[in-house]
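Step one of this worksheet: look at the structure below.
Every number in this text was worked out from the coordinates using simple rules, so none of it is lab data. Predicted, not measured: the structure shown is a model, and the values here were computed from it. Methodologically, a virtual Cβ is constructed for each residue, glycine included, from the backbone with ideal geometry; neighbour enumeration extends over all protein chains shown.
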Amino acid sequence: MTKVILAVVAPFLMIIFLTRVTFNHYISTLLTIGIIFAIFQGYGEPKTVTITWILSVIVGFLVAGRMMKKLKNINRRKY
């Protein structure tokens, strides 16, 4: 149960944080996937945990894309 909760929260938050640091949601998604594969190589993980990781990465990517679009619109209005 703990692994499933971690699989839901961790990739999503990593993508959001890395997007704020790198200002690019594509790079933050690639970094997150790389970190996930480096730490949790997927061997011996139940399929539900792996599917949850994938869904969390997709949702994080979509939310980060919206966040970056909103930030770009705010910056255009300032100048």
Notebook entry, point to check: With helices defined as uninterrupted DSSP H runs, which ones in the chain have an alpha carbon span along their own long axis of at least 24 Å and mean Kyte-Doolittle hydropathy of at least -0.5?
Noted result: 2-22, 47-78
Note to self: If I compute P(r) over Cα pairs in 10 Å bins from 0, in percent from the structure I just sent, which labelled value in (i) 17, 45, 29, 9, 0; (ii) 18, 40, 31, 10, 0; (iii) 20, 46, 23, 9, 3, 0 lines up?
What the structure shows: (iii)
Next item on the list: Would you please give the residues with an amide H less than 5 Å from that of residue 40, counting only those at least 5 places away or on a separate chain, with H modeled from the backbone geometry?
Entry: none
Checklist line | Formal net charge of residues neighbouring residue 66 (Cβ-Cβ distance under 14 Å; K, R +1; D, E -1) | finding: +4
Check: Dipole of the chain (Lys/Arg Cβ +1, Asp/Glu Cβ -1, origin at the Cα centre): which of 6, 29, 62 lies farthest to the positive side?
Finding: 62
Margin query: With +1 on the Cβ of every Lys and Arg and -1 on the Cβ of every Asp and Glu, and nothing else charged, how large is the dipole of the chain about its Cα centre, in debye rounded to the nearest 20?
Written below: 660 debye
